[in-house]
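Readers should treat all values here as calculations from the given coordinates under stated rules, not as data from a laboratory. These figures come from a predicted structure and were not determined experimentally. All Cβ positions, even for glycine, are placed from backbone atoms using ideal geometry, and neighbour counts span all protein chains on display.
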Amino acid sequence: MRLHRMFGGLTLALLAACTSSSDKDHSGDWTSYGRDAAEARSSPLTQITPANVAQLKPAWFADLSHIATRAFEATPLVIDGVLYVSTGWSHALAYDARTGKELWHYDPKVDKAMGGKGCCGPASRGLAYADGRVFLAAFDGRLIALDAKTGQPAWSVQTLDPSGDHTVTGAPRAFGGLVLIGNGGAELGVRGYVSAYDQKTGKLVWRFYTVPPKPGTKDGAASDAVLAKVADGWSGEWWRLGGGGTVWDSIAYDPALDLVYIGVGNGGPWSRKLRSDGKGDNLFLSSIVALKAKTGEHVWHFQTTPGDEWDYTATQSIILADLEIDGKPRKVLMQAPKNGFFYMLDRATGQFLSGTPYVTVTWAKGLDPKTGRPIENPGIRWSENGQTSNQQPGALGGHNWHSMSYSAKTGLAYIPGIEAGFGYVPAGPDYKLQPSTPNMGIDPIATSLPDDLAIIEGAKKALHGELIAWDPIKRKAAWRVRLPVAWNGGTLVTDGGLVFQGTAKGDLVAYDAASGKALWSHPLGAGIVAAPMTYSVGGEQYVAVTVGWGGGMPQVVGGLTSDAAATGINRLVVLKLGGKTTLPAPPVRNAALAPPPATGSAATVDAGRQIYARRCYFCHGSAAVSGGEVPDLRYSASLSDAAPFRAIVREGALAMNGMPSFQKVLSDADVEAIRAYIVLRANQDKAGVGQ
């Protein structure tokens with residue numbers, strides 16, 4: 001198949017127009033999460049170039065550490081000289097985009113006792129804007145319309161099913177008079193869906209569920225007809241477990257086709273044996289689904305990972321562009337989901353065009369050239385064969401939520417890649433599903449990091465991050481940059497010939513978009529996971545990025561990110577050519593481990609290890625080694641006394657800091673066992689002795 005690039009810039013320009021509410025030129029603005037409805041994160045601005053990027057310095061910054069020290073994942077918006085940004089715990093703020101003067105601050109007052117819910121912390125990836133209103137999706141599920149000038153709420157609506165453990169961390173999208181939002185929580189026993197609300201009133205216009213309901217029932221939703229057709233791809237009593245399929249991140253829109261494209265997440269639990277008796281494709285898990293924007297009616301779908309049980313979400317960036325394929329213009333959709341293949345589809349029909357590994361892939365030999373269905377390698381179905389399955393990519397994916405970008409000028413997609421595997425070990429026969437805790441169906445101990453820092457350090461060397469410049473036409477990387485930590489920020493590309501990316505080390509880096517040569521970097525004080533953006537005000541181009549370390553990998557396997565700049569700083573940094581601002585130095589943290597003596601019995605410690613693996617490590621880190629976003633319990637002063645430790649864990653003494661009470665699910669004996677385990681781990685690591 002011979003492919004040629006064509007018309008990419010034209011398509012992106014047309015898509016950008018759909019976010020504008022007037023005839024004003026918004027080419028210097030950033031009006032949506034991905035800049036425009038095509039989600040390409042590509043800016044036409046050219047003032048900052050490879051020739052002058054060395055002059056890029058901070059122009060202003062806002063320290064937001066007092067609001068939230070959790071991961072700062074948002075991409076700001078800029079409209080008509082005002083910058084809007086959201087933070088952890090769903091605060092929204094507005095600034096003068098030129099001077100940094102705060103214009104307003106809205107706090108939705110999310111209950112911090114919810115801090116233990118969700119996969120990876122109470123983050124917010126951004127806001128939406130339309131017709132003088134800013135739309136905020138709060139962690140607790142409220143969709144809130146704010147007056148863009150004052151920050152005062154115009155309306156608020158609860159988007160979540162009260163019976164589940166859903167949360168919202170993704171950015172809403174606004175177009176065609178609607179605001180769309182999904183949710184997360186697949187591992188916590190929920191059923192996924194996306195909802196569309198009227199921008200003016202907050203009234204629900206349509207909802208599309210991604211997993212069939214209990215047989216014999218209907219939702220009265222836009223998804224009823226198509227889910228009835230795909231329900232035979234499910235078995236057992238999946239509805240009791242929720243099924244997963246949450247739409248927690250990517251949403252794109254084509255105004256010419258009037259189609260919205262949603263990326264659907266993994267199954268819940270991960271184990272297909274537990275979820276669906278080990279049978280079926282389980283649509284619409286791990287799929288891209290095209291819907292009619294006005295009604296939510298299903299148009300087409302493409303499943304990247306049928307019967308997923310590896311946490312291979314398809315929620316990663318969806319980017320729209322026009323290319324010439326075999327001599328004909330084609331409207332295409334591109335995605336690099338977790339499963340390691342870079343896909344290109346016809347976005348009008350859903351036809352599979354190509355799919356190629358962009359990172360190491362061991363779970364499949366390749367894709368069927370006609371259908372795009374993966375050709376699975378034998379022995380990978382761990383939940384059904386009862387055997388450990390070591391695969392790449394792992395559960396973190398070859399690419400996680402960190403935004404990909406695409407340039408019509410270079411014809412390259414810029415992917416924040418991850419090279420890391422995972423050992424999927426099925427849980428034993430005594431495994432029980434438990435409420436309000438991650439239920440994956442894997443053995444929580446066997447899949448944890450070992451209680452030995454030396455072994456963890458060795459494992460850390462086996463993985464790394466990459467910035468990958470992917471050519472969708474040639475179906476290969478034009479260049480790659482290896483990064484020492486696997487978890488890094490999203491990307492931005494500009495017509496000035498630059499690609500920007502923040503790193504775990506805390507540097508914002510600019511690369512030549514064509515060659516990958518590093519041209520400039522600047523330390524910003526903490527690890528960066530968000531994607532940068534750029535805008536123009538008063539004839540000057542600015543680059544903005546939110547800085548604050550955290551997310552899934554640091555929380556769950558923090559020992560593998562110990563080289564990151566986990567300083568606890570959360571700040572918004574805005575740079576321009578010739579900027580005059582100096583950032584404060586990050587705090588120095590040299591605290592030494594000083595635990596009490598380890599006096600717990602072997603049986604108590606082992607019980608604590610088991611409970612910690614089920615209840616605690618999803619936030620505080622496997623093997624009790626934190627990645628720096630939440631407190632490292634090995635250093636906790638409360639370890640010395642059972643009473644304060646119990647007050648925190650069972651009685652909610654630190655609920656206002658985001659540490660929920662576990663009174664309903666843990667006994668005093670359970671809490672004491674957890675304490676005994678952490679005390680032992682702290683003593684082991686202090687002495688440098690593993691187990």
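Backbone N atoms of the stretch 86-102 closer than 20 Å to the 7 Å Cα→Cβ label point of Lys580 belong to residues 96-102.
A simple spin-label model places the labels of Leu433 and Ala446 2.1 nm from each other, with each point 7 Å out along Cα-to-Cβ.
Pairs exceeding a 20 Å alpha-carbon distance, out of Lys273/Lys664; Lys331/Lys474; Lys203/Lys292; Lys229/Lys432: Lys273/Lys664; Lys229/Lys432. Amide H contacts of Tyr424: Ser389, Asn390, Gln391, each under 5 Å away and 5 or more positions distant or on a separate chain (H built 1.01 Å from N in the peptide plane; Pro and chain starts excluded). Note that the chain carries a Kirkwood radius of 25.1 Å, evaluated over its alpha carbons pair by pair. Figure legend: label point modelled 7 angstrom from the Cα of Lys686 along Cα→Cβ; residues of the stretch 619-639 with amide N under 18 Å from it are 624-626, 632-639. Label-to-label distance, Ile375 versus Lys109, with points set 7 angstrom from Cα along the beta-carbon direction: 6.0 nm. As a length-normalised measure over Cα pairs under 8 Å and 6 or more apart, the relative contact order of the stretch 28-103 settles at 26 percent. A full extension of the chain between Asp232 and Asp131 corresponds to an added length of 32.0 nm, given 0.36 nm per residue minus the alpha carbon distance. Given R0 = 45 Å, the distance between the Cβ atoms of His66 and Asp326 translates into a calculated FRET efficiency of 0.20.
Each DSSP beta bridge with both residues in the stretch 110-214 is either parallel or antiparallel, and the antiparallel ones are about 100%. Between the alpha-carbon centres of the stretch 424-451 and the stretch 68-101 there is a gap of 38 Å. Residues in the stretch 352-360 carry Karplus couplings, in order, of 6, 9, 6, x, 9, x, 9, 9, 5 Hz; the curve used is 6.51 cos²θ - 1.76 cosθ + 1.60 with θ = phi - 60°, and Gly or Pro positions show x.
Counting only DSSP H runs of at least 4 residues, each contributing -39500 (n - 2.57), and dividing by the residue count of the chain, the helix-based mean residue ellipticity at 222 nm comes to -3500 deg cm²/dmol. Could you let me know the centre-to-centre spacing of the stretch 169-187 and the stretch 623-685, using Cα atoms, in angstrom? Distance between centres, Cα-based: 34 Å. A Förster radius of 22 Å, combined with the Cβ-Cβ distance separating Trp155 from Asp219, puts the computed FRET efficiency at roughly 0.40. For the stretch 372-442, taking Cα atoms only, Rg and Dmax work out to 17.0, 56 Å respectively.
The label-point distance for Thr349 and His464, in a model that sets each label 7 Å from Cα toward Cβ, rounds to 4.2 nm. Of the options Trp479, Leu367, Val556, report the single residue whose Cα projects farthest towards the positive end of the charge dipole of the chain (beta-carbon charges: Lys, Arg +1; Asp, Glu -1). Working it through, the farthest residue towards the positive pole turns out to be Trp479. Eigenvalues of the alpha-carbon gyration tensor of the stretch 488-585, scaled by 5 and square-rooted, set the equivalent ellipsoid semi-axes at 24, 16, 11 angstrom, largest first. For the stretch 35-41, putting each phi into the Karplus relation 6.51 cos²θ - 1.76 cosθ + 1.60 with θ = phi - 60° gives couplings of 6, 9, 5, 6, 6, 7, 6 Hz, in residue order, rounded to whole numbers and with x for Gly and Pro.
Where Lys and Arg each count +1 and Asp and Glu each count -1, what net charge lies around Asp219 among other residues with Cβ under 15 Å from its Cβ?
Once positives and negatives cancel, what remains is +2.
Each residue of the stretch 177-194 was assigned a 3J(HN,Hα) from its phi angle through the Karplus expression (A = 6.51, B = -1.76, C = 1.60, θ = phi - 60°), giving x, 10, 10, 10, 8, x, 6, x, x, 4, 6, 9, x, 10, 10, x, 6, 10 Hz with x at Gly and Pro.
Backbone N atoms of the stretch 605-620 closer than 16 Å to the 7 Å Cα→Cβ label point of Ala669 belong to residues 605-612. Across the chain, the relative contact order, built from alpha-carbon pairs under 8 Å that are at least six residues apart, equals 14 percent.
For the stretch 340-491, the alpha-carbon radius of gyration amounts to 1.20 times the rule-of-thumb value 2.2 N^0.38 Å expected for a compact globular protein.
First select every other residue whose beta carbon is under 15 angstrom from the beta carbon of Lys686; then total the charges, Lys and Arg +1, Asp and Glu -1. Net charge around Lys686: -2. Residues whose amide H falls under 5 Å from that of Ala148, counting only those 5 or more places apart or on a different chain, are Arg133, Val134, with hydrogens built in the peptide plane. Averaging 1/r across all pairs of distinct Cα atoms in the stretch 335-385 and inverting the result yields a Kirkwood radius of 11.8 Å. The stretch 306-325 and the stretch 254-302 have Cα centres separated by 11 Å. Stretching the chain fully between Ser515 and Lys203 yields a gain of 107.5 nm (0.36 nm per residue, less the alpha carbon separation).
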